[in-house]
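Visitor: What follows is a structure written as structure tokens; I'll ask about it next.
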Amino acid sequence: MKIGIKTRASALIFEDGKVMVTKHDVPDYGVYYLLPGGGIELGESPEDALKREVKEECGIDIEVHRLVYYKSGYTDKDNYLDLIFLCKKVGRDIKVSEDEKNVKEVQFVTPNEIKELKFFPKQLIGLDLLNLPEQATFLGKFQYPED
């Protein structure tokens with residue numbers, strides 16, 4: 001059986017010591033939070049995908065600086081690779097697009113506040129996000145869903 005690899009790029013964006021997160025509310029699952037980002041389309045670089053996804057979700061442009069964390073995961077059908085990049089927000093106005101079905105709100109939360117949220121990827125909870133590693137760090141291999 002041939003199994004594909006789905007790749008997601010996420011943005012770690014800081015402002016005044018807080019991390020940007022997107023709030024989602026899905027029927028039968030409830031409210032949860034993610035870093036802004038999404039899937040990489042065929043032929044797209046992770047950096048270009050991240051710029052596109054953050055623009056779609058948050059209405060802002062970003063500068064992608066460097067890969068900070070990565071992790072792998074799997075379901076019974078697919079393998080996943082999550083890439084988490086340190087980014088900088090360009091401009092000030094954040095506005096969730098009316099076309100965006102998944103994102104309900106964009107917030108900035110402290111690393112301690114993340115611990116109180118239903119936040120993914122869970123592997124970031126408890127890390128010192130204000131002192132990032134110099135080199136890209138592997139967070140491990142996990143089975144999805146991460147509940």
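Each reported figure results from applying straightforward, stated rules to the coordinates on display, with no laboratory input. Model, not experiment: these values are computed from the prediction. Cβ coordinates were reconstructed from backbone atoms using ideal geometry, including for glycine residues, and neighbour counts include every protein chain displayed.
Visitor: State which stretch of the chain is the longest one without any exposed trypsin sites (Lys or Arg not before Pro), exposure meaning a DSSP loop state and at most 11 other Cβ atoms within 10 Å.
Guide: In the chain, the maximal stretch lacking such sites is 3-76.
Visitor: Out of all DSSP beta bridges with both ends in the chain, state the antiparallel percent to the nearest 5.
Guide: Around 60 percent antiparallel, to the nearest 5.
Visitor: What value, in deg cm²/dmol to 500, does the helix sum -39500 (n - 2.57) over DSSP H runs of n ≥ 4 give at 222 nm once divided by the residues of the chain?
Guide: Helices in the chain give a 222 nm mean residue ellipticity of -3000 deg cm²/dmol.
Visitor: If you compute Cα extents along the principal axes in Å for the structure shown, which of [x] 57, 37, 26; [y] 62, 37, 24; [z] 47, 36, 33 do you land on?
Guide: [z]
Visitor: If you don't mind, another one. Rounded to the nearest 20 debye, what is the charge dipole size of the chain about its Cα centre when +1 sits on each Lys and Arg Cβ and -1 on each Asp and Glu Cβ?
Guide: 320 debye
Visitor: Multiplying the sequence separation of Ser72 and Lys122 by 0.36 nm and subtracting their Cα-Cα distance, what value in nm do you get?
Guide: 16.7 nm
Visitor: Given charges of +1 on the Cβ of Lys and Arg and -1 on the Cβ of Asp and Glu, with all other atoms neutral, how large is the dipole of segment 84-147 about its Cα centre, in debye to the nearest 20?
Guide: I would put it at about 80 debye.
Visitor: Only loop residues by DSSP count here, and only those with at most 12 other Cβ atoms within 10 Å; note down the GluC sites (Glu not before Pro) in segment 64-110 that meet that.
Guide: Loop-located and lightly packed - Glu98.
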